[in-house]
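The values are calculated or read from the model by the stated rules, or taken from the named source; none is laboratory data. This one's a predicted model, so the numbers in the text were calculated from it and none came from an experiment. Methodologically, a virtual Cβ is constructed for each residue, glycine included, from the backbone with ideal geometry; neighbour enumeration extends over all protein chains shown. Areas reflect the complete protein model, heavy atoms only, side chains present, ligands, DNA and RNA absent. Shrake-Rupley method; radii C 1.70, N 1.55, O 1.52, S 1.80 Å.
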Amino acid sequence: MFDVVIVGARCAGAGLALLLARRGMRVALLDRDEFPSDTLSGHYLHQSAVARLAGWGLRAGLDQLGCPALPSMLLDLDGVELAGSALPVNGEHLAYCPRRYAFDAWLLEEARAAGAEIHTGVRVDGLLYEDERVAGVAARSRAGTRMEWPARLVVGADGMQSTVARLAGARMADLRPSYACAYYAYWEGLDLGRAELYLRGDGVRRFAVAVPTNDGATTVCVAWPAEEHERLRGDLDGAYHAALRALPLGDKLDGARRLDRLQGCIKNPNFVRQSAGPGWALVGDAGYHKDPITAQGMADALRDAELLADAIALADGSALDPASSTYEAARNRMLGPLFDYTCALAQLRSPPPEMRALAQAMQHQPQALARFFGIMAGSFELPAFFDPAHVAAIMDGSLETAGAP
Ligand SMILES: Cc1cc2nc3c(=O)[nH]c(=O)nc-3n(C[C@H](O)[C@H](O)[C@H](O)COP(=O)(O)OP(=O)(O)OC[C@H]3O[C@@H](n4cnc5c(N)ncnc54)[C@H](O)[C@@H]3O)c2cc1C
(Lines give C-alpha, C1' and ligand atoms only; values in the text may rest on other atoms or scores of the structure.)
Protein backbone atom coordinates (compact mmCIF):
# COMPACT_ATOMS: atom_id res chain seq x y z
CA MET A 1 0.00 0.00 0.00
CA PHE A 2 1.35 3.40 -1.03
CA ASP A 3 0.60 6.58 0.86
CA VAL A 4 0.14 8.46 -2.43
CA VAL A 5 0.01 7.30 -6.05
CA ILE A 6 0.50 10.12 -8.56
CA VAL A 7 -0.58 9.79 -12.18
CA GLY A 8 1.50 12.05 -14.46
CA ALA A 9 5.21 12.65 -13.89
CA ARG A 10 5.93 16.10 -15.31
CA CYS A 11 5.92 19.46 -13.43
CA ALA A 12 2.97 18.85 -11.11
CA GLY A 13 3.46 15.12 -10.55
CA ALA A 14 7.25 15.03 -10.21
CA GLY A 15 7.17 18.13 -7.98
CA LEU A 16 4.61 16.57 -5.66
CA ALA A 17 6.41 13.20 -5.58
CA LEU A 18 9.65 14.93 -4.64
CA LEU A 19 8.08 16.88 -1.78
CA LEU A 20 6.15 13.91 -0.36
CA ALA A 21 9.06 11.47 -0.66
CA ARG A 22 11.28 13.93 1.19
CA ARG A 23 8.75 13.84 4.01
CA GLY A 24 9.17 10.09 4.25
CA MET A 25 5.96 9.08 2.49
CA ARG A 26 5.75 6.02 0.26
CA VAL A 27 5.02 7.47 -3.17
CA ALA A 28 4.53 5.90 -6.61
CA LEU A 29 4.78 8.15 -9.67
CA LEU A 30 3.32 6.74 -12.92
CA ASP A 31 3.42 8.06 -16.48
CA ARG A 32 2.51 6.62 -19.85
CA ASP A 33 5.46 8.50 -21.40
CA GLU A 34 9.13 7.59 -21.21
CA PHE A 35 11.70 10.19 -20.12
CA PRO A 36 13.48 12.29 -21.21
CA SER A 37 10.79 13.39 -23.64
CA ASP A 38 9.16 16.57 -24.85
CA THR A 39 5.51 17.36 -24.45
CA LEU A 40 3.29 19.82 -26.30
CA SER A 41 4.19 22.95 -24.39
CA GLY A 42 6.13 26.17 -24.25
CA HIS A 43 8.45 26.30 -21.28
CA TYR A 44 8.94 29.84 -19.98
CA LEU A 45 9.54 29.66 -16.24
CA HIS A 46 8.64 32.87 -14.45
CA GLN A 47 10.60 34.11 -11.44
CA SER A 48 7.88 32.69 -9.16
CA ALA A 49 8.71 29.19 -10.42
CA VAL A 50 12.45 29.82 -10.12
CA ALA A 51 11.97 30.98 -6.53
CA ARG A 52 9.85 27.92 -5.73
CA LEU A 53 12.49 25.56 -7.14
CA ALA A 54 15.12 27.47 -5.16
CA GLY A 55 13.01 26.92 -2.03
CA TRP A 56 13.11 23.19 -2.80
CA GLY A 57 16.92 23.32 -2.94
CA LEU A 58 17.03 22.93 -6.74
CA ARG A 59 18.34 26.33 -7.84
CA ALA A 60 21.77 25.06 -8.91
CA GLY A 61 20.24 22.20 -10.91
CA LEU A 62 18.02 24.62 -12.82
CA ASP A 63 21.07 26.68 -13.73
CA GLN A 64 22.70 23.56 -15.17
CA LEU A 65 19.89 22.65 -17.57
CA GLY A 66 21.67 24.44 -20.40
CA CYS A 67 19.26 27.23 -21.23
CA PRO A 68 20.23 30.90 -20.88
CA ALA A 69 19.06 32.98 -17.93
CA LEU A 70 16.67 35.73 -19.01
CA PRO A 71 17.03 38.99 -17.07
CA SER A 72 14.59 41.10 -19.11
CA MET A 73 11.74 41.11 -21.57
CA LEU A 74 10.08 43.16 -24.30
CA LEU A 75 6.31 43.48 -24.56
CA ASP A 76 5.06 45.21 -27.68
CA LEU A 77 1.45 46.08 -27.00
CA ASP A 78 -0.14 47.18 -30.27
CA GLY A 79 3.02 49.12 -31.12
CA VAL A 80 3.73 50.49 -27.63
CA GLU A 81 7.07 48.93 -26.67
CA LEU A 82 7.67 48.11 -23.02
CA ALA A 83 11.16 46.84 -22.22
CA GLY A 84 12.41 46.07 -18.75
CA SER A 85 12.85 43.59 -15.93
CA ALA A 86 10.33 42.24 -13.44
CA LEU A 87 10.63 42.83 -9.72
CA PRO A 88 12.35 39.77 -8.25
CA VAL A 89 10.54 37.03 -6.31
CA ASN A 90 12.46 36.20 -3.11
CA GLY A 91 15.58 37.69 -4.71
CA GLU A 92 15.18 35.72 -7.97
CA HIS A 93 15.27 38.19 -10.83
CA LEU A 94 15.97 35.72 -13.66
CA ALA A 95 13.54 33.71 -15.74
CA TYR A 96 14.44 30.57 -17.75
CA CYS A 97 12.97 28.67 -20.64
CA PRO A 98 14.22 25.08 -20.38
CA ARG A 99 13.09 22.52 -22.96
CA ARG A 100 10.67 20.09 -21.39
CA TYR A 101 12.81 17.08 -22.29
CA ALA A 102 15.47 18.55 -19.99
CA PHE A 103 13.31 20.10 -17.27
CA ASP A 104 10.84 17.24 -16.77
CA ALA A 105 13.51 14.52 -16.77
CA TRP A 106 15.60 16.51 -14.27
CA LEU A 107 12.67 17.00 -11.87
CA LEU A 108 11.76 13.33 -12.22
CA GLU A 109 15.29 12.28 -11.27
CA GLU A 110 15.16 14.61 -8.26
CA ALA A 111 11.92 12.87 -7.21
CA ARG A 112 13.58 9.47 -7.64
CA ALA A 113 16.59 10.60 -5.61
CA ALA A 114 14.20 11.70 -2.85
CA GLY A 115 12.80 8.15 -2.71
CA ALA A 116 9.76 8.17 -5.02
CA GLU A 117 9.12 4.92 -6.91
CA ILE A 118 8.84 5.71 -10.62
CA HIS A 119 7.13 3.67 -13.32
CA THR A 120 7.08 4.98 -16.90
CA GLY A 121 5.36 3.47 -19.93
CA VAL A 122 2.23 2.69 -17.90
CA ARG A 123 -1.16 4.09 -18.83
CA VAL A 124 -3.62 4.44 -15.96
CA ASP A 125 -7.12 3.48 -17.09
CA GLY A 126 -9.00 2.61 -13.91
CA LEU A 127 -9.49 3.53 -10.26
CA LEU A 128 -9.71 1.04 -7.39
CA TYR A 129 -12.44 1.62 -4.79
CA GLU A 130 -12.91 0.65 -1.17
CA ASP A 131 -16.05 1.69 0.75
CA GLU A 132 -16.89 4.18 -2.04
CA ARG A 133 -13.51 5.87 -1.69
CA VAL A 134 -10.84 5.84 -4.36
CA ALA A 135 -8.19 3.45 -3.05
CA GLY A 136 -5.67 3.12 -5.88
CA VAL A 137 -5.24 2.91 -9.65
CA ALA A 138 -5.22 0.23 -12.32
CA ALA A 139 -2.93 0.55 -15.33
CA ARG A 140 -1.57 -1.26 -18.33
CA SER A 141 2.06 -1.46 -19.41
CA ARG A 142 3.08 -1.03 -23.05
CA ALA A 143 3.31 -4.82 -23.27
CA GLY A 144 -0.32 -5.04 -22.08
CA THR A 145 0.43 -6.27 -18.55
CA ARG A 146 -2.25 -5.28 -16.08
CA MET A 147 -1.05 -3.72 -12.81
CA GLU A 148 -2.61 -2.21 -9.69
CA TRP A 149 -1.28 0.31 -7.19
CA PRO A 150 -3.34 0.57 -3.98
CA ALA A 151 -2.96 3.90 -2.14
CA ARG A 152 -4.38 6.10 0.61
CA LEU A 153 -4.60 8.96 -1.89
CA VAL A 154 -4.62 9.04 -5.71
CA VAL A 155 -3.46 12.28 -7.32
CA GLY A 156 -4.18 13.13 -10.95
CA ALA A 157 -1.26 15.19 -12.28
CA ASP A 158 -2.18 13.93 -15.72
CA GLY A 159 -2.77 17.14 -17.64
CA MET A 160 -5.82 18.96 -18.96
CA GLN A 161 -7.49 15.80 -20.29
CA SER A 162 -7.00 14.09 -16.95
CA THR A 163 -8.06 10.44 -16.83
CA VAL A 164 -8.19 10.58 -13.02
CA ALA A 165 -10.61 13.55 -13.21
CA ARG A 166 -12.84 11.73 -15.68
CA LEU A 167 -12.89 8.46 -13.74
CA ALA A 168 -13.45 10.20 -10.39
CA GLY A 169 -16.27 12.29 -11.88
CA ALA A 170 -14.66 15.66 -11.09
CA ARG A 171 -17.08 18.41 -12.10
CA MET A 172 -16.18 21.67 -13.80
CA ALA A 173 -16.33 24.49 -11.24
CA ASP A 174 -15.63 27.25 -13.78
CA LEU A 175 -15.59 26.55 -17.53
CA ARG A 176 -14.80 29.29 -20.04
CA PRO A 177 -14.29 29.10 -23.81
CA SER A 178 -11.12 28.22 -25.61
CA TYR A 179 -10.24 31.66 -26.99
CA ALA A 180 -7.08 31.06 -28.96
CA CYS A 181 -5.01 28.43 -30.70
CA ALA A 182 -1.21 28.48 -30.58
CA TYR A 183 1.55 26.93 -32.69
CA TYR A 184 5.30 27.01 -32.18
CA ALA A 185 8.59 25.91 -33.71
CA TYR A 186 12.27 26.18 -32.76
CA TRP A 187 14.64 28.48 -34.63
CA GLU A 188 18.43 28.83 -34.78
CA GLY A 189 20.38 31.96 -35.55
CA LEU A 190 18.16 34.29 -33.54
CA ASP A 191 19.99 36.06 -30.74
CA LEU A 192 17.42 37.93 -28.63
CA GLY A 193 18.89 37.57 -25.13
CA ARG A 194 15.41 38.13 -23.65
CA ALA A 195 11.81 37.06 -24.06
CA GLU A 196 9.94 39.12 -26.67
CA LEU A 197 6.14 39.28 -26.77
CA TYR A 198 4.03 41.00 -29.42
CA LEU A 199 0.28 41.59 -29.26
CA ARG A 200 -1.67 42.96 -32.19
CA GLY A 201 -5.29 43.50 -31.19
CA ASP A 202 -8.42 44.62 -32.97
CA GLY A 203 -8.34 44.22 -36.72
CA VAL A 204 -5.36 41.82 -36.56
CA ARG A 205 -5.71 39.66 -33.45
CA ARG A 206 -2.36 37.93 -33.29
CA PHE A 207 0.07 37.22 -30.48
CA ALA A 208 3.66 36.05 -30.87
CA VAL A 209 6.33 35.20 -28.34
CA ALA A 210 9.98 34.31 -28.88
CA VAL A 211 12.18 33.01 -26.06
CA PRO A 212 15.77 31.68 -26.07
CA THR A 213 15.94 28.06 -24.87
CA ASN A 214 18.34 25.10 -24.91
CA ASP A 215 20.84 24.21 -27.66
CA GLY A 216 21.19 27.84 -28.81
CA ALA A 217 17.65 27.70 -30.18
CA THR A 218 14.71 30.06 -29.72
CA THR A 219 11.12 28.94 -29.38
CA VAL A 220 8.79 31.09 -31.48
CA CYS A 221 5.06 30.74 -30.89
CA VAL A 222 2.13 32.42 -32.66
CA ALA A 223 -1.46 32.51 -31.40
CA TRP A 224 -4.61 33.53 -33.23
CA PRO A 225 -8.32 33.45 -32.39
CA ALA A 226 -9.77 29.95 -32.10
CA GLU A 227 -12.49 30.77 -34.62
CA GLU A 228 -9.85 31.42 -37.30
CA HIS A 229 -8.34 27.98 -37.00
CA GLU A 230 -10.68 26.33 -39.48
CA ARG A 231 -9.81 28.91 -42.14
CA LEU A 232 -6.07 28.82 -41.50
CA ARG A 233 -5.48 25.13 -40.99
CA GLY A 234 -5.14 24.45 -44.74
CA ASP A 235 -1.90 26.42 -44.55
CA LEU A 236 -0.80 26.74 -40.94
CA ASP A 237 2.82 27.22 -42.00
CA GLY A 238 1.82 30.12 -44.23
CA ALA A 239 -0.31 31.67 -41.47
CA TYR A 240 2.53 31.29 -38.94
CA HIS A 241 5.12 32.94 -41.19
CA ALA A 242 2.73 35.69 -42.33
CA ALA A 243 1.94 36.54 -38.69
CA LEU A 244 5.65 36.78 -37.87
CA ARG A 245 6.51 38.79 -40.97
CA ALA A 246 3.91 41.41 -40.02
CA LEU A 247 5.67 42.05 -36.69
CA PRO A 248 9.00 43.73 -35.87
CA LEU A 249 10.07 40.19 -34.89
CA GLY A 250 9.86 39.29 -38.58
CA ASP A 251 12.95 41.39 -39.40
CA LYS A 252 14.91 39.66 -36.64
CA LEU A 253 14.09 36.30 -38.23
CA ASP A 254 15.90 37.27 -41.44
CA GLY A 255 18.95 35.03 -41.46
CA ALA A 256 17.51 32.71 -38.81
CA ARG A 257 16.42 29.17 -39.70
CA ARG A 258 13.39 27.22 -38.55
CA LEU A 259 14.47 23.85 -37.21
CA ASP A 260 11.35 21.73 -37.07
CA ARG A 261 7.69 21.33 -37.90
CA LEU A 262 4.99 23.39 -36.24
CA GLN A 263 3.44 21.94 -33.10
CA GLY A 264 0.48 23.32 -31.28
CA CYS A 265 -2.98 23.24 -29.85
CA ILE A 266 -6.28 23.98 -31.56
CA LYS A 267 -7.94 24.20 -28.18
CA ASN A 268 -6.67 25.86 -25.05
CA PRO A 269 -9.66 25.57 -22.75
CA ASN A 270 -9.92 27.68 -19.62
CA PHE A 271 -11.31 25.88 -16.60
CA VAL A 272 -11.16 25.18 -12.90
CA ARG A 273 -12.13 21.61 -11.98
CA GLN A 274 -13.27 20.26 -8.67
CA SER A 275 -9.90 19.03 -7.43
CA ALA A 276 -10.61 16.99 -4.30
CA GLY A 277 -12.88 14.07 -3.47
CA PRO A 278 -12.92 10.89 -1.38
CA GLY A 279 -9.47 9.38 -1.87
CA TRP A 280 -8.41 11.60 -4.78
CA ALA A 281 -7.05 15.04 -5.74
CA LEU A 282 -5.95 16.86 -8.90
CA VAL A 283 -2.90 19.08 -9.34
CA GLY A 284 -1.50 21.13 -12.23
CA ASP A 285 -3.38 21.33 -15.53
CA ALA A 286 -5.64 18.46 -14.45
CA GLY A 287 -7.31 20.76 -11.94
CA TYR A 288 -6.80 24.22 -13.41
CA HIS A 289 -6.07 24.95 -17.04
CA LYS A 290 -5.75 28.27 -18.81
CA ASP A 291 -4.56 29.67 -22.10
CA PRO A 292 -0.73 29.69 -22.29
CA ILE A 293 -0.59 33.42 -23.18
CA THR A 294 0.56 34.35 -19.66
CA ALA A 295 2.83 31.26 -19.41
CA GLN A 296 1.66 30.44 -15.90
CA GLY A 297 1.05 26.69 -16.32
CA MET A 298 4.35 25.32 -15.09
CA ALA A 299 4.62 27.83 -12.23
CA ASP A 300 1.06 27.00 -11.17
CA ALA A 301 1.75 23.26 -11.38
CA LEU A 302 4.74 23.62 -9.04
CA ARG A 303 2.73 25.85 -6.69
CA ASP A 304 -0.15 23.34 -6.57
CA ALA A 305 2.27 20.52 -5.86
CA GLU A 306 3.62 22.44 -2.89
CA LEU A 307 0.14 23.37 -1.62
CA LEU A 308 -0.99 19.74 -1.70
CA ALA A 309 2.25 18.45 -0.14
CA ASP A 310 1.91 21.00 2.69
CA ALA A 311 -1.73 20.06 3.29
CA ILE A 312 -0.86 16.34 3.37
CA ALA A 313 2.00 17.00 5.80
CA LEU A 314 -0.48 18.57 8.23
CA ALA A 315 -3.02 15.72 7.94
CA ASP A 316 -3.35 13.03 10.54
CA GLY A 317 -5.27 9.76 10.54
CA SER A 318 -5.44 7.31 7.66
CA ALA A 319 -7.69 9.25 5.24
CA LEU A 320 -6.03 12.11 3.40
CA ASP A 321 -9.35 13.59 2.18
CA PRO A 322 -9.27 16.61 4.53
CA ALA A 323 -5.81 17.41 3.19
CA SER A 324 -7.06 17.39 -0.40
CA SER A 325 -9.98 19.65 0.51
CA THR A 326 -7.70 22.07 2.35
CA TYR A 327 -5.44 22.12 -0.70
CA GLU A 328 -8.30 22.76 -3.11
CA ALA A 329 -9.56 25.70 -1.05
CA ALA A 330 -6.04 27.17 -0.81
CA ARG A 331 -5.48 26.79 -4.55
CA ASN A 332 -8.81 28.38 -5.42
CA ARG A 333 -7.99 31.41 -3.28
CA MET A 334 -4.98 32.05 -5.52
CA LEU A 335 -6.59 31.87 -8.94
CA GLY A 336 -9.04 34.73 -9.36
CA PRO A 337 -7.43 37.85 -10.82
CA LEU A 338 -4.76 36.15 -12.91
CA PHE A 339 -7.26 33.65 -14.35
CA ASP A 340 -9.49 36.55 -15.45
CA TYR A 341 -6.48 38.47 -16.80
CA THR A 342 -5.29 35.43 -18.78
CA CYS A 343 -8.76 34.90 -20.27
CA ALA A 344 -8.95 38.59 -21.22
CA LEU A 345 -5.51 38.58 -22.91
CA ALA A 346 -6.29 35.31 -24.72
CA GLN A 347 -9.06 37.08 -26.61
CA LEU A 348 -6.32 38.98 -28.49
CA ARG A 349 -8.10 42.33 -28.35
CA SER A 350 -6.51 45.76 -28.30
CA PRO A 351 -6.03 47.14 -24.82
CA PRO A 352 -8.74 49.67 -23.92
CA PRO A 353 -7.68 53.35 -24.37
CA GLU A 354 -6.92 53.82 -20.65
CA MET A 355 -4.59 50.77 -20.70
CA ARG A 356 -2.86 52.06 -23.83
CA ALA A 357 -2.37 55.43 -22.10
CA LEU A 358 -0.99 53.66 -19.03
CA ALA A 359 1.40 51.63 -21.20
CA GLN A 360 2.64 54.81 -22.90
CA ALA A 361 3.15 56.43 -19.51
CA MET A 362 5.12 53.39 -18.30
CA GLN A 363 7.45 53.27 -21.28
CA HIS A 364 10.18 55.29 -19.58
CA GLN A 365 9.40 54.36 -15.98
CA PRO A 366 11.54 51.32 -15.04
CA GLN A 367 9.96 51.03 -11.57
CA ALA A 368 6.44 50.93 -12.95
CA LEU A 369 7.52 48.46 -15.61
CA ALA A 370 9.17 46.25 -12.97
CA ARG A 371 5.84 46.12 -11.16
CA PHE A 372 3.88 45.57 -14.37
CA PHE A 373 6.11 42.66 -15.45
CA GLY A 374 5.98 41.53 -11.83
CA ILE A 375 2.29 40.68 -12.26
CA MET A 376 3.21 37.74 -14.47
CA ALA A 377 6.50 37.02 -12.73
CA GLY A 378 4.65 36.63 -9.43
CA SER A 379 6.17 39.57 -7.58
CA PHE A 380 3.36 42.14 -7.77
CA GLU A 381 -0.36 41.63 -7.19
CA LEU A 382 -2.58 42.41 -10.13
CA PRO A 383 -5.30 44.19 -8.09
CA ALA A 384 -2.64 46.36 -6.42
CA PHE A 385 -1.22 47.33 -9.80
CA PHE A 386 -4.57 48.40 -11.21
CA ASP A 387 -5.67 50.14 -8.00
CA PRO A 388 -6.76 53.67 -9.07
CA ALA A 389 -4.25 55.38 -6.77
CA HIS A 390 -1.41 53.26 -8.16
CA VAL A 391 -2.47 53.92 -11.74
CA ALA A 392 -2.67 57.65 -10.98
CA ALA A 393 0.86 57.58 -9.54
CA ILE A 394 2.15 56.07 -12.79
CA MET A 395 0.19 58.50 -14.95
CA ASP A 396 1.58 61.56 -13.14
CA GLY A 397 5.07 60.07 -12.80
CA SER A 398 5.09 60.28 -8.99
CA LEU A 399 5.73 56.54 -8.59
CA GLU A 400 9.05 56.95 -10.35
CA THR A 401 10.12 60.08 -8.53
CA ALA A 402 9.30 58.39 -5.20
CA GLY A 403 11.84 55.70 -6.17
CA ALA A 404 9.38 52.88 -5.51
CA PRO A 405 10.88 49.35 -5.51
C1 LIG B 1 1.37 25.83 -26.79
C2 LIG B 1 1.60 25.84 -25.29
C3 LIG B 1 2.55 26.71 -24.76
C4 LIG B 1 2.74 26.73 -23.38
N5 LIG B 1 3.71 27.56 -22.89
C6 LIG B 1 3.97 27.57 -21.57
C7 LIG B 1 5.03 28.37 -21.03
O8 LIG B 1 5.78 29.04 -21.76
N9 LIG B 1 5.21 28.37 -19.68
C10 LIG B 1 4.41 27.63 -18.84
O11 LIG B 1 4.61 27.70 -17.61
N12 LIG B 1 3.42 26.86 -19.32
C13 LIG B 1 3.19 26.80 -20.66
N14 LIG B 1 2.20 25.98 -21.14
C15 LIG B 1 1.40 25.22 -20.18
C16 LIG B 1 2.17 24.01 -19.63
O17 LIG B 1 2.52 23.17 -20.71
C18 LIG B 1 1.31 23.24 -18.64
O19 LIG B 1 0.64 24.10 -17.77
C20 LIG B 1 2.15 22.26 -17.82
O21 LIG B 1 2.77 21.31 -18.66
C22 LIG B 1 1.28 21.53 -16.80
O23 LIG B 1 2.03 20.54 -16.16
P24 LIG B 1 1.32 19.25 -15.58
O25 LIG B 1 2.39 18.49 -14.87
O26 LIG B 1 0.11 19.63 -14.82
O27 LIG B 1 0.77 18.42 -16.83
P28 LIG B 1 1.51 17.89 -18.17
O29 LIG B 1 2.79 18.61 -18.42
O30 LIG B 1 0.45 17.92 -19.19
O31 LIG B 1 1.87 16.38 -17.79
C32 LIG B 1 0.88 15.39 -17.67
C33 LIG B 1 1.56 14.01 -17.72
O34 LIG B 1 0.53 13.05 -17.43
C35 LIG B 1 0.75 11.91 -18.24
N36 LIG B 1 -0.53 11.19 -18.37
C37 LIG B 1 -1.69 11.68 -18.88
N38 LIG B 1 -2.65 10.73 -18.83
C39 LIG B 1 -2.07 9.63 -18.29
C40 LIG B 1 -2.56 8.31 -17.98
N41 LIG B 1 -3.83 7.97 -18.21
N42 LIG B 1 -1.71 7.42 -17.43
C43 LIG B 1 -0.41 7.76 -17.19
N44 LIG B 1 0.09 8.98 -17.46
C45 LIG B 1 -0.72 9.91 -17.99
C46 LIG B 1 1.25 12.48 -19.55
O47 LIG B 1 1.98 11.49 -20.27
C48 LIG B 1 2.12 13.65 -19.09
O49 LIG B 1 3.48 13.27 -18.97
C50 LIG B 1 1.98 25.91 -22.52
C51 LIG B 1 1.03 25.04 -23.06
C52 LIG B 1 0.85 25.00 -24.42
C53 LIG B 1 -0.16 24.05 -24.97
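Points to keep in mind about this one:
- Expressed per residue, the C-alpha convex hull volume of the range 247-365 stands at 183 Å³.
- Think of the chain as having a plus end and a minus end, set by charges on the Cβ of Lys, Arg, Asp and Glu; of HIS119, GLY189, TRP224, HIS119 sits farthest toward the positive end of this dipole.
- Apportionment of accessible area to carbon and sulfur, the chain, percent (1.4 Å): 51
- For the chain, the solvent-accessible area works out to 41 Å² per residue, with a probe of 1.4 Å and every protein chain left in place.
- Summing Cβ point charges (Lys, Arg +1; Asp, Glu -1) relative to the Cα centre of the range 112-247 gives a dipole of roughly 140 debye.
- Dipole magnitude of the chain about its Cα centre (Cβ charges: Lys, Arg +1; Asp, Glu -1), debye to nearest 20: 560
- With helices as the sole contributors, the chain gives -10500 deg cm²/dmol at 222 nm; each DSSP H run of n ≥ 4 counts as -39500 (n - 2.57), and the sum is divided by every residue.
- Taking the inverse of the mean reciprocal distance over all distinct Cα pairs, the Kirkwood hydrodynamic radius of the range 2-48 comes to 11.9 Å.
- Relative to the globular-protein estimate of 2.2 N^0.38 Å, the Cα radius of gyration of the range 353-401 stands at 1.01.
- Whole-Å semi-axes of the ellipsoid equivalent to the chain (Cα gyration tensor, √5λ, descending): 37, 24, 20
- Trypsin sites (Lys or Arg not before Pro) lying in DSSP loop within the range 188-287, provided at most 14 other Cβ fall within 10 Å: ARG261, LYS267
- With the Kirkwood sum run over all distinct C-alpha pairs, the range 124-215 has a hydrodynamic radius of 17.9 Å.
- Nearest-ten-degree value, helix 100-114 long axis tilted from longest Cα axis of the chain: 40
- Entry note, the range 353-401: relative contact order of 40 percent, from Cα contacts under 8 Å with a spacing of 6+ residues.
- In the chain, the longest principal axis of the Cα atoms and the axis of helix 236-245 are about 40 degrees apart.
- Pairs of Cα atoms farther than 12 Å apart, the range 286-326, %: 63
- As a length-normalised measure over Cα pairs under 8 Å and 6 or more apart, the relative contact order of the chain settles at 22 percent.
- P(r) histogram, all alpha-carbon pairs of the range 40-141 included - 5 Å bins from 0, percent: 2, 10, 15, 15, 14, 12, 10, 8, 6, 4, 2, 0, 0
- DSSP-defined beta bridges in the chain - what % are antiparallel, rounded to 5: 70
- Spatial extent of the range 180-265: Rg and Dmax, with the Cα atoms as the point set, Å: 12.3, 37
- In the elastic network of the chain, a GNM with C-alpha springs shorter than 10 Å, the most mobile of PHE271, PHE372, PHE386 is PHE386.
- 0 to 90° range, to nearest 10: angle between helix 11-22 axis and the chain longest Cα axis: 50
- Debye-sum result for the range 106-147 in log10 I(q)/I(0), which assumes one identical scatterer on each alpha carbon, at q = 0.22, 0.30 Å⁻¹: -0.82, -0.91
- The range 273-372 - percent relative contact order, Cα under 8 Å, separation 6 or more: 27
- The dipole here belongs to the range 180-265: it is taken about the Cα centre, uses +1 on the Cβ of Lys and Arg and -1 on the Cβ of Asp and Glu, and is about 80 debye.
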